[in-house]
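To start, the structure itself, in structure tokens.
What follows is calculated from the coordinates using simple rules that are stated; it is not laboratory data. Keep in mind it's a predicted model, so treat the numbers as computed, not measured. Methodologically, a virtual Cβ is constructed for each residue, glycine included, from the backbone with ideal geometry; neighbour enumeration extends over all protein chains shown.
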Amino acid sequence: MLRNINNYGFLLNFIASNLGTKVPVKQEILECSNLQIKANLILEKLDNELQLLQLKDQIESKVRLDIDKQQRDYYLNQQLKTIQEELGQSPQEQELIVLLARSKKKKWAKEVQETFDREIAKLRRTNPQAAEYAVQLNYVELLLDLPWQEYTKDNFNLQRVKKVLDRDHFGLEKVKERILEHLAVLKLKEI
């Protein structure tokens, strides 16, 4: 269609009317009588549109690449999971085996053992992709990390305690004094 237009003024007006700009900008271009100025204005607007389109294309290609990467990662993870299940090497199952082995070494009360068993059973039923899985796993690991039925002999060397508190905790004089008073009372009671 552009090749059939022989009049330069008409050609510039046709291009200006088809620009993707707002009507007042088009009106300003169409009102311009000097062909050189009109052509420069149109060229400037076309250049702006080209830059916007190039930027939009770059953004879309980045988004496309990110989506493709996510889909590829998901697909590969699913394949890996399937292969591990076929080989009987589920990473979650391996993790549970390690947790159970650690639990055998614990000397905990019957109630705690029941809670641990119940939480492990819940963990087995939970999908590893779910958010609750990580929370449940942290809880089970906390149960294992706590020192159940493990005691240490108390050391009521108040001079040493004062030295450690002063070294590790600047300020907090009232709090440190209260801790020392509490330890002194325990020492007197011989608990």
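For segment 1-108, what is the Kirkwood estimate of the hydrodynamic radius, computed as the reciprocal of the mean inverse distance between distinct Cα atoms, to one decimal in Å?
One over the average 1/r among Cα pairs gives 20.0 Å for segment 1-108.
Roughly what angle does helix 131-145 make with the longest principal axis of the chain, taking Cα atoms, 0 to 90 degrees, to the nearest 10?
20 degrees
Arrange the peptides 149-156, 96-103 so that the one whose residues have, on average, the most other Cβ atoms within 10 Å appears first.
96-103, 149-156
Can you list the HN-Hα couplings for segment 24-33, worked out from phi with the Karplus curve (6.51, -1.76, 1.60; θ = phi - 60°), rounded to whole Hz and with x for Gly and Pro?
x, 5, 4, 4, 4, 5, 5, 6, 5, 8
Go through segment 152-166 residue by residue and turn each phi into a ³J(HN,Hα) via Karplus (6.51, -1.76, 1.60, θ = phi - 60°); whole Hz please, and just put x for glycine and proline.
So the J values, rounded to whole Hz, are 10, 7, 6, 10, 9, 6, 5, 5, 5, 4, 4, 4, 5, 5, 5.
For V25, what charge total do you get from the other residues with a beta carbon under 12 Å from its beta carbon, if Lys and Arg give +1 and Asp and Glu give -1?
That sum, taken over residues with Cβ under 12 Å, equals -1.
Taking only Cα atoms, what is the 0 to 90° angle, nearest 10, from helix 173-189's long axis to the longest principal axis of the chain?
Long axis of 173-189 versus the principal axis of the chain: about 30 degrees.
Under a 5 Å amide H to amide H cut-off, with H placed in plane at 1.01 Å, what residues pair with I5 once short-range neighbours are removed?
Amide H to amide H, under 5 Å and 5 or more residues apart or across chains, I5 pairs with nothing.
If you take the beta carbon distance between I120 and I67 as r and set R0 to 35 Å, what does 1/(1 + (r/R0)^6) give as a FRET efficiency, to the nearest 0.05?
That pair, I120 with I67, gives E of 0.40.
With charges only on Cβ, +1 for K and R and -1 for D and E, what is the dipole size of segment 2-69 about its Cα centre, in debye, rounded to 20?
It works out to roughly 120 debye.
Please report, in cubic angstrom per residue, the volume enclosed by the convex hull of the alpha-carbon atoms of segment 121-162.
Per residue, the Cα convex hull of segment 121-162 comes to 94 Å³.
Which whole-Hz couplings ³J(HN,Hα) result when phi for each residue of segment 110-126 is put into the Karplus expression 6.51 cos²θ - 1.76 cosθ + 1.60, θ = phi - 60°, listed in order with x for Gly and Pro?
Ordered by residue, 3J(HN,Hα) equals 4, 4, 5, 4, 5, 4, 4, 4, 5, 5, 5, 4, 5, 5, 5, 7, 7 Hz.
Against the longest principal axis of the chain, how steep is helix 8-17, in degrees 0 to 90 to the nearest 10, with axes from Cα atoms?
30 degrees
Work out how much length I97 to E49 would gain on full extension: take 0.36 nm times their residue separation and subtract the Cα-Cα distance, in nm to one decimal.
11.2 nm
If each residue of separation counts as 0.36 nm, what is the full-extension length gain between V161 and Q79 once their alpha-carbon separation is subtracted?
Stretched out fully, the V161 to Q79 stretch lengthens by 23.8 nm.
Seen from all sides and averaged, what is the projected area of the convex hull of the Cα atoms in segment 90-145, in nm²?
3.5 nm²
Please list 121-129, 136-144 highest first by mean number of surrounding beta-carbon atoms within 10 Å per residue.
In decreasing order of mean packing, 121-129, 136-144 become 136-144, 121-129.
Provide the descending list of Cα extents for the chain along its principal axes, expressed in whole angstroms.
Computed over the chain, the largest-to-smallest principal extents equal 109, 58, 22 Å.
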